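Okay, so here's the structure we're looking at.
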Amino acid sequence: MSVSAAGAAGLRLPPLLAFLLRRLLRLALLLVCVAALAFALARAAPVDPVEAFLGPAAAQVGPEQRAAIAARWGFDQPAPMQFLHWLGKALRGDLGESSIFAAPVAQVIGERFAASLALMLPAWLLGGALGFGLGLAAGAREGGWLDRAIRLYAYLLAALPGFWLAMLLLIVFAVWLGWAPVCCAVPPGLLPDQVSLGQRLAHLVLPVATLSVLGVGPVALHTRAKVAEAMRADFALYAFAQGAGRAEVALRHAARHAALPALTILFAGMGELFGGSVVAEQVFAWPGLGRAAIEAGLRADVPLLLGIALATALFVGCGNLIADLLAQAVDPRQRRRA
Amino acid sequence: MNARAKIKARVNARGRLLLTGLTAALLLGGALLAGHGMDAALLRPRFGLAALPPGPGYPFGTDALGRDLLARSLRGLETSLLVGLLAATASTLIALLLAGLAMLGRAADAIVGLAVETCIGLPHLVLMILVAFALGGGVGAVVAAVALTHWPVLTRILRAEFQAVLTADYVIHARRFGHGPWFILRRHLLPHALPQLAVGFVLMLPHAILHEAALTFVGFGIAPARPSIGGLLAEALGSLSAGWWWLGVLPGALLLAAVLCLDGIASGLRAWLSPRVAEA
Amino acid sequence: MLPTLRRLAALGPALLLALSLAAPALAAPRSELVLALPGEPERGYDPIQGWGEYGHPLFQSTLLRRDADLATQPDLARSWHLSEDRLSWDITLREDARFSDGRPLTAEDVVFTFNTAAKAGGTVDLSALREASATGPHSLRLTLKAPRITFAESFFTLGIVPAAGYGPDYARHPIGSGPYRLVQWAPGQQMIAEANPDYYGPKPAFTRLTFLFTGEAASHAAAMAGQLDLVAVPPSLARRVPAGMRRVVVRSVDNRGIVFPMRPAGDARSPTGGPVGNDVTADPAIRRAINIALDRRALVEAALLGFGTPAYGPADGLPWSNPESRLPDADPEGATRLLEEAGWRPGPDGIRVKEGRAARIPLLYFAGDSTRQALALTVAEMLRPLGIAIEPEGRSREDTRRLMASRAALFGWGSHNPAEVYNLYSAASTGHGFFNAGHYANPAVEAHFAAAQSAASLEASLPEWRAAEWDGRTGYGMKGDAAWAWLVNLDHIYLANRCLDLGRTQIEPHGHGWPITAGILGWRWTCP
């Protein structure tokens, strides 16, 4: 419902709220589209749906049982019907059962997502903070050696294969120097409640470092641009005229100017963050959602794959939503295409 | 800086970028030719030469089956580049087509916009996994997955460009004169879009290559049909604790170098096409 | 500079390791172990769904077990008797067995397990079961539909589940009467087991076991960092033994071989969904040529780094295999002659052609398994000069199941019972799991199988099993149909803590790492 319609109905919504409502509806529509796309792709796969449904147990099932399963789950119905059937169940929270893990998809996703989050959240914060700091330093003295070094660093980072960086860190810090554990989320042999916080942190170090390093680039470059722009603005000139140093101006004024845009970039980059997490989890044997996605795709676990598609689309969608909200807050004149 | 010095600086900057681009192109081309010219026997298992570290005769060392790592890495690079080229071409064409279709009317524009947002709404790797799965997970599936998932960003850019062009005065006049949409497309939109297309194409290449490497690294594609950098690194992961560090470090370094070359070529191209861009 | 730096840096963990090992030497003998095995049962620890299919399911008990000499020992069963008509087994159970929730194990539980497993599918063998019924609180009768001597294998491999406690969540929270019980399982990471206080057998020396399922690479790395007491390693990682550990090499019947599609390509679809048949492998000359051209000793050296022995059949060295069925291998001239005589002439690119068909054979293997990949690539390299182009393809298990009826596939088997031979070569098992992937069917072989199954005892059935491999005129072995090209028997390689005494190990079957736990009750910590 648009702002005008709301107005016509006699409601007076503040513009930001109206924007939020519009975007939420759009997000819902988007999720349905994503679901349809994912479903269509999964159906197109050259995999027998009954085989995929049963997983390893397919080996022992006879033809009559197969027909019964096909009928009960609607595999013999036309695709749009199947999609609606699946969507209906998904909306009620039933995403089916994962054939790989023999557990409800929602449960698998919940567990795995929590593990991924433990990795992604610190990396996101750290990468953001580092990127902002570097961008600030670079933009404060445009053209200086620090600026050039940081730009070179960001440039290199964009060309770096993420999983290779992960492997390098693994080789150097875990295999050669032995400073970090070689894999996994917890030390072997301990029950979850026996693992100390320190041990958990130790296992987080390498994967988080990898992800942070990978996430620094876009934030740093964008911040740098904004800071440089701010340093050339009028209020900066006034500050310089009053004797303030470059660093002081940068920290006091430019940083505030660049903070929200940096945050916007951070939220918009959640999709890339997840992508980085997928390969980091593979290298460090981290039991997260990324690895589950790979397993599901390689081993034809359709319910899990669809569930993950939905979950990650929601994740990215929320990130983009917040980014857009922030962008709106920064400059409401920019009528972003809803 | 006075005006003359400014112009000189601009020309110098442009010249530098062009030179960089040319050098990068030569390096990359040279590496690929060298890889193609290497003896095919180096790619096959050779008993007795297993797991040799880099040294004389084996610049990159050998793997567990005695296959020369440099030969395999260069072949893998060739594969990655081919896939990248294919992907960039396909994605560029798709982007052009969709952006053009979007100009046909509000409904078409809305649909194209929705399609773009849907594809951007998923993490890129998840979308690629879905496409690769849909196509059977083999080598062709990986190529298609990379080729069919890079169009959204370029489509968005082109759409914005086309919108700007369509609202320009000269196009409105052309319409008033009675020229049809096909004429508008050919005479006005396309020429305007070509520089964007070219730049978009070249910028897409490194992304496509890195994504192809990531997909084969996590296990899609079919080992060991053709060596690919991602596949090499995935194999190397298993032998890191055996101390065979060169299997993991060197192919990745080669990929990094190749992507940097491509970035250099991209900047050179931009400098050549639109001198103002060289200032950025 | 780099190697020196590396050597210096390598001292770090070694120093730490030395320190960490010194400390416990002053403490009491260890009662906890950390192990890393490759074969995590992703669907859980439910015997009815296949957990423990090679024996010794850790959490549950089986009716019988095999000791280090592979001799039969009673476990849950006190007596077991096959009737005259070979259609029913009468079994009496021990009376002191308890499940880990305290409930006593009775005949009802055994009956429930067998009946449920037969309906759920389980292994092909249980399809012979008509019904299990209790004849007393600790005695039962298993009635078969037809005589089936291999049915007894299930006595060694089917863990008994409680009738009352079995539900859909059983696989994640198993309850059994075995020596250990499951405490915690994080799929993809680790599983923790503790000794079952109610276990009727000898008390294990180790009260707590942690199993890591982190994959070949991570597991070996954890061993190098001194975090593991026992790890199964592939040949490529076997030469790097960390300080404080020793390498243990165990002989096994775990084999690897290539199965060929036996039928020509056609329109038929296999039960697993893919097309059936391959025109190249359907030609017996190709199969025989591959078998005699391969140099299996060189294969062991190249692909297994010496950790293995050549294999010519599915059960080499076991009483039901027939050494007569072997042909000498490493004979490329003989193979060339065979191919030429059969009409396979070299084409312009060196690959042989017959009737317009090139000798290209896709070879599937499970992606991610470095040993299978090494074997596939080495085999391809060996057959190249012959003019046969083997094209290895690393695939997932699911894809392999779909494609194996039309492509050659590299599989691994190896059990202590001829049941497996039956499953691999009998037409009845086509479509079940990975059995008889090539759609092999030979009436003479079937007749021998039928005779073997209706024998009075395992010993009595042995001549028929051997005849199935080669009876002088035909058979599934090299001299006959050459339905498979068996390659090697693997050695199972483990790195074990120097203080861990594994006791006597049996000749291990195929089992993805678990067979080492067969002797777990005899493991001891030898350091003070």
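Brief remarks follow.
- Other-chain or far-sequence residues with amide H under 5 Å of C:Ile361's (modelled H): C:Ala389, C:Ile390, C:Glu391
- Take each peptide in A:42-50, B:171-179, count the other Cβ atoms within 10 Å of every residue, and average; sorted highest first, the result is A:42-50, B:171-179.
- FRET E, pair B:Val11, A:Ala129, Förster distance 30 Å, beta-carbon r, rounded to 0.05: 0.15
- Gap separating the Cα centres of the stretch C:350-394 and the stretch C:159-214, nearest whole Å: 42
- Eligible lysines near C:Lys119 by straight Cα distance, threshold 25 Å, same-chain separation 8 or greater: C:Lys145
- Percent of alpha-carbon pairs separated by more than 22 Å within the stretch A:126-282: 51
- Taking Cα atoms only, the orientation of helix B:106-121 departs from the longest principal axis of chain B by about 20 degrees.
- Gain in span if fully extended, C:Ala456 to C:Leu521, counting 0.36 nm per residue against the direct Cα distance: 20.1 nm
- In summary, the helical segments of chain A meeting the span-like criteria, namely a full DSSP H run, a Cα extent along the axis of 30 angstrom or more and a mean Kyte-Doolittle hydropathy of at least 1.6, are A:15-44, A:302-330.
- Helical segments meeting 24 Å axial Cα length and Kyte-Doolittle -0.5 threshold in chain C (DSSP H): C:2-25
- Note on C:Ala68 and C:Ser31: the model spin-label points, each 7 Å out from Cα along the C-beta direction, lie 2.5 nm apart.
- Inter-chain Cβ neighbour average for residues B:211-218, partner chain, 10 Å: 5
- Average Cα contact separation per residue, the stretch C:25-175, under 8 Å, 6 or more apart, as relative contact order %: 30
- Nearest-0.05 FRET efficiency for A:Ala259 and B:Arg4, computed from C-beta distance (R0 51 Å): 0.80
- Legend: P(r) of chain C from all alpha carbon pair distances, 10 Å bins from 0, whole percents, reading 4, 17, 26, 25, 17, 8, 2, 0.
- Label-to-label distance for A:Trp179 and B:Arg186 is 6.5 nm, based on points extended 7 Å past Cα in the beta-carbon direction.
- Working from Cα pairs under 8 Å separated by at least six residues, relative contact order for chain C is 20 percent.
- Linear extension gain, C:Asp267 paired with C:Gln184, 0.36 nm per residue minus alpha-carbon span: 25.0 nm
- For chain B, the longest principal axis of the alpha carbon atoms and the long axis of helix B:190-218 meet at an angle near 30°.
- Estimated from the Cβ-Cβ distance and a Förster radius of 56 angstrom, the FRET efficiency linking C:Ala427 and B:Ala25 is about 0.35.
- Averaged over the residues of A:277-288, the number of partner chain Cβ atoms lying within 10 Å of the residue Cβ comes to 5.
- Three-way shape call for the stretch C:47-141 based on the alpha-carbon gyration tensor, with the a/c threshold at 1.5: rounded
- In this simple spin-label model, placing a label point 7 Å from the Cα along the Cα-to-Cβ direction at both B:Ala257 and B:Leu97 gives a separation of 3.8 nm.
- Per-peptide average of other Cβ atoms within 10 Å, ordering B:67-74, C:325-332, A:297-304, C:67-74 highest first: A:297-304, B:67-74, C:325-332, C:67-74
- Around the amide H of C:Ala455, modelled in the peptide plane, lie the amide H atoms of C:Ile149, all under 5 Å away and 5 or more residues distant in sequence or on another chain.
- Residues B:Thr79, C:Thr106 in ascending order of nearby Cβ atoms (within 10 Å, fewest first): C:Thr106, B:Thr79.
- As a proxy for reagent exposure, ranking B:Ile94, B:Ile7, C:Ile390 by other Cβ atoms within 10 Å from fewest up yields B:Ile7, B:Ile94, C:Ile390.
- Helix B:124-134 vs. chain B, principal-axis angle (Cα, 0 to 90°, nearest 10): 70
- In order along the stretch C:34-50, phi translates into HN-Hα couplings of 10, 10, 10, 10, x, x, 5, x, 4, 8, x, 9, 10, x, 5, 9, x Hz, rounded to whole numbers, per the Karplus curve 6.51 cos²θ - 1.76 cosθ + 1.60 with θ = phi - 60° and x for Gly and Pro.
- Applying D = kT/(6 pi eta Rh) to chain B, where Rh is the Kirkwood radius over alpha-carbon pairs, T corresponds to 4 °C and eta to 1.567 mPa s, the Stokes-Einstein value obtained is 61 µm²/s.
- All aspartates and glutamates inside 13 Å of C:Lys479 as judged from Cα atoms, apart from same-chain residues fewer than 8 positions distant: C:Glu324, C:Asp329, C:Glu469, C:Asp471
- Averaged over peptide C:316-325, the number of partner chain Cβ atoms lying within 10 Å of each residue's Cβ comes to 0.
- Disulfide-incompatible cysteines by the Cβ rule (no partner under 4.7 Å) in the protein assembly as shown: A:Cys33, A:Cys318, B:Cys119, B:Cys261
Bear in mind that the values in this text are calculations on the coordinates, not laboratory data. Keep in mind that what you see is a predicted model, and the values were worked out from it rather than measured. Every residue, glycine as well, gets a Cβ built from its backbone with ideal geometry; the counts of neighbours run over all protein chains shown.
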